[in-house]
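To start, the structure under review is shown below, and the notes come after it.
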Amino acid sequence: MQRRAMLKIVATGGLLGTPVLSHARTATPPAAFQPLDPARWSAANRNALDQLILRLGSTSRHYDPKRKPYAVFDWDNTCIMNDCEEALMMVQIDRLAFDLSPEEFATVVRQDVPDGPFKAEYKNNAGSPVNAQDIAADIEADYRWLHANFKGLAGTQTLEQVQQSEQFKDFRAKMRFMYDAICDSFPIEVGYKWIIYLVKNKTTTDLQALAEASNDLNLGDALRKTKYVSSEKLPGQAGVLTASHFHGLRIHSEMASLMETLRTNGFDVYVSTASLDDVVRVFAGLPKYGYNVPAENVIGLRLEMNASRYSGEYRKGWHFNWGPGKTVGIQRELVSRKGYGPALVLGDSDGDAWMLKDFADTRLGVIVNRLKKGEIGERSKSAAARLGQPDPRFVLQGRMESTGTFLPDEKTLKYGKSELQLLG
């Protein structure tokens, strides 16, 4: 990632005990209520948010600045279109931006992954099932070749030269395939930790520089679903595989505006993410992206540190910040200090379904409508059942996935589809 003039790492640990992004923005509560910019919000959702801010914000006669209401936002596919952690993984693969010896990589690529086959639908192009041991062996062999040949690691070839190799083609497709297969075949915790173990040996400064470059690259890229086919010349043990990745990121300006409106009206703003917290801090905190969330206000996955470098081990005693774990994170980091829960929670998936419902103090849950089923689907059904009624507990916010922008509607237009849908 680009070395940035705007990314300033300060030495103080803050609430989370890690280096933080500098953040110099402090909102002054208004003398009068500041409504939300209509932008592309559903009219009913904008009204629900305005009413919440009026009732609880700094212009309410019940407002206590020592007991400020607060909002908790999920990050990936809520504050932005697509997933910045997955985008970073693809940039790390494309640039071979690993700080791992072949022996370390061989360990990391198998770390915590159960032995045995993936789900039945994860087959190779010949229709045979794929198992974790075989694809890990193929990826390890590819990495050993790439490490020996790429001059950014231990070889003499340029990045452009090694990217033309069969080993690189195989490596990219099988890495993406393995990540998806792990997430779908085993508990989601296995996959979400596996992807962050890949940053082992990086410093926080280097990782956040790479994250910024990934953000900028993907914000400038087209939103596109791309298939990657592994090398037919190097089928290895797993065979020839096809994987896909949804390229591109987009800023949801409505979410950035909502954060600013909340702060202006006396709320605090936090982010709870199932990505590595130091990765999300870049996107959430750098002024050029417009969200202005202090680093200490981001709760996410965490790794142990070995001196100044990530050890590649999950933080001991730290919860898995997904699903029910997000509720745990809010309780331990926020409720324990404040004595009360969030007034507003925003999310998009099963990873957010529990924090949307678990706190008695939560007045409103906003669901970015990705037409999901499961636990978030149940919250979505509750929102759909109360469309047009006052004081909803949950609301759906639609978006157009081909552009990554909100729609002024509860319905969503999925990527590649032509009709708006309300529920999945």
- request: Give, as residue ranges, the helices (runs of 4 or more DSSP H) completely inside the range 166-239 that count at least 3 residues that are within 19 Å of Pro129 (Cα to Cα) and at pLDDT 95 or above.
  value: 166-185
Flag for Asp134 being buried (at least 20 other Cβ atoms within 10 Å of the Cβ), among the acidic types (Asp, Glu) and within 15 Å of Gly236 (Cβ to Cβ): no
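Provide a single number: the residues in the range 142-169 that are of a type in the set (Ser, Thr, Tyr), more than 30 Å from the chain's Cα centre (by Cα) and under 22 Å from Val240 (Cβ atoms).
Going through the range 142-169 one residue at a time, the tally reaches 1.
If only one of Thr78, Thr59 is of a type outside the set (D, E, K, R), surrounded by fewer than 21 Cβ atoms within 10 Å (Cβ to Cβ) and either at pLDDT 95 or above or touching a helix residue (DSSP H, G or I) at 6+ places or on another chain (Cβ under 6 Å) (or both), which one is it? Spell out the reasoning first.
On the way: Thr78 fails: surrounded by fewer than 21 Cβ atoms within 10 Å (Cβ to Cβ).
Thr59 is the lone residue from the list that is of a type outside the set (D, E, K, R), surrounded by fewer than 21 Cβ atoms within 10 Å (Cβ to Cβ) and either at pLDDT 95 or above or touching a helix residue (DSSP H, G or I) at 6+ places or on another chain (Cβ under 6 Å) (or both).
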Selection count, the range 235-260, where residues are crowded, with 21+ Cβ neighbours inside 10 Å and over 22 Å from the mean Cα position of the chain (by Cα): 2
query: Of the residues that make up the range 65-72, is at least one assigned by TED's automatic domain parsing to the domain that holds Glu260 and in a loop (DSSP other than H, G, I, E, B)?
result: yes
message: Going by what's in this entry, would Asp361 be described as among the acidic types (Asp, Glu) and touching an Asp or Glu at 6+ places or on another chain (Cβ under 6 Å)?
response: no
message: Given the criterion within 11 Å of Val72 (Cβ to Cβ) and crowded, with 24+ Cβ neighbours inside 10 Å, identify the matching residue among Asp268, Asp352.
response: Asp352
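Give the residues of the range 264-298 that are of a type in the set (D, E, K, R) and in contact with a strand residue (DSSP E or B) (Cβ under 7 Å, 6 or more places away or on another chain), sorted by residue number. Lay out the reasoning, then the answer.
From the range 264-298, those of a type in the set (D, E, K, R) are 268, 277-278, 281, 288, 296; that's our starting set.
Answer for the range 264-298, where residues must be of a type in the set (D, E, K, R) and in contact with a strand residue (DSSP E or B) (Cβ under 7 Å, 6 or more places away or on another chain): Asp268, Asp277, Arg281, Glu296.
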query: Can you name every residue in the range 177-235 that is within 27 Å of Asp112 (Cβ to Cβ) and charged (D, E, K, R)?
result: Asp180, Asp184, Glu189, Lys193, Lys200, Lys202, Asp206
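Does Leu52 satisfy the criteria of being assigned to a helix (DSSP H, G or I), assigned by TED's automatic domain parsing to the domain that holds Ser380 and touching a Lys or Arg at 6+ places or on another chain (Cβ under 7 Å)?
On the way: assigned to a helix (DSSP H, G or I): yes; assigned by TED's automatic domain parsing to the domain that holds Ser380: yes; touching a Lys or Arg at 6+ places or on another chain (Cβ under 7 Å): yes.
It is true that Leu52 is assigned to a helix (DSSP H, G or I), assigned by TED's automatic domain parsing to the domain that holds Ser380 and touching a Lys or Arg at 6+ places or on another chain (Cβ under 7 Å).
The values are calculated or read from the model by the stated rules, or taken from the named source; none is laboratory data. Source: prediction; values computed, not measured. A quick note on method: Cβ atoms are made from the backbone with ideal geometry, for glycine too, and the neighbour counts reach across all protein chains shown.
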